[in-house]
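*Asks:* Can you keep this structure in mind? I'll have questions shortly.
The values are calculated or read from the model by the stated rules, or taken from the named source; none is laboratory data. Nothing here was measured: the structure is a model prediction, and the numbers come from that model. Cβ placement follows ideal geometry from the backbone for every residue including glycine, while neighbour counts extend to all protein chains displayed. For the accessible areas, the whole protein counts, side chains as well, though only heavy atoms, and no ligand, DNA or RNA atoms are used. Shrake-Rupley method; radii C 1.70, N 1.55, O 1.52, S 1.80 Å.
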Amino acid sequence: AVVSTQSTGIEEISSSEAATLTGKVEEVTDSNRANSDGKAVEKPAIQIKEVKKAPSNNTNVTKESDVDNGPRMTVEAIKKICKQQKGYATPELNDILYLHFQGFGKIENLELYTGLKCLWLEANGIQRIENLDHQPELKCLYLQQNLLSRIENLEPLVQLHTLNVSNNYISKIENMVGTLHTLQIAKNRLQSSDALDGLLGCPKISVVDLSNNNLEDPVIIDVLEKLPELAVVNLMGNPVIKKIKNYRKILTVRLAN
């Protein structure tokens, strides 16, 4: 007798039943062997259903194009920073605003800060100089270590004295204001003498930092000597230094004014 395991227990079956079971097993085995020697057995197709994520219950879904990749210079953010820096709660009473190292990508929402004389925007991700139409008293603008590719939109700053745009991606000095005395534009992408022509629109400029650019044409001295008030110029880190024999003496003589 052969013993078979069932879900309800173990029961004894007869020899005839055992023979019948054995015959069925051999039949299946022979069928599989035949299929392996001949044509492959066609497997049933597997249907893959697309699983869609259930919609979120959050109704405040923003389009990808509207998503801001960094902190925004919102009215609330500016007020919070003013409070941290012990500034005034009334925007127009602040003459200095420290918005540096905040990760801002755009200058905005400064309309109420009409009394600013000094604005620090160093080390953000700002790509354009813009939205400064309400700061006519601004004298110092610090924009070093940003993502600027050009100088623009300075016309409203009729009292601007100092501009720092070092460590950016500017290839040309342009759109300057005549009141400027100090320009720091080190570590940018200035190359040719034409890139300095914008300085001629600054008759009062006395300090120019052009260090660590890629200026290589000695003709730049022709531009610099046309600045009547120029007292300090820094050209260190530019290839032009090696192209001018007796560099220091030449500059001292030609820029004597």
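*Asks:* For Leu119, only one of the following conditions fails: (1) more than 15 Å from Asn175 (Cα to Cα); (2) assigned to a loop (DSSP other than H, G, I, E, B); (3) in contact with a strand residue (DSSP E or B) (Cβ under 9 Å, 6 or more places away or on another chain). What is its number?
*Replies:* It fails just one condition, (2).
*Asks:* Quick check: is even one residue across segment 186-208 more than 30 Å from Pro91 (Cα to Cα), modelled with pLDDT of 95 or more, in contact with a helix residue (DSSP H, G or I) (Cβ under 8 Å, 6 or more places away or on another chain) and not hydrophobic (A, V, I, L, M, F, W, C)?
*Replies:* yes
*Asks:* Kindly indicate whether any position in segment 62-76 is touching a strand residue (DSSP E or B) at 6+ places or on another chain (Cβ under 6 Å) and either open to solvent by 50 Å² or more (accessible area, probe 1.4 Å) or at pLDDT 95 or above (or both).
*Replies:* No, there is no match, as no residue in segment 62-76 is touching a strand residue (DSSP E or B) at 6+ places or on another chain (Cβ under 6 Å) and either open to solvent by 50 Å² or more (accessible area, probe 1.4 Å) or at pLDDT 95 or above (or both).
*Asks:* Now a separate question. Go through (1) buried (at least 16 other Cβ atoms within 10 Å of the Cβ); (2) in contact (Cβ under 8 Å) with a residue 24 or more places away in the chain; (3) closer than 26 Å to Glu174 by Cα; (4) in contact with a Phe, Trp or Tyr (Cβ under 9 Å, 6 or more places away or on another chain) and name the single condition Ile129 misses.
*Replies:* (4)
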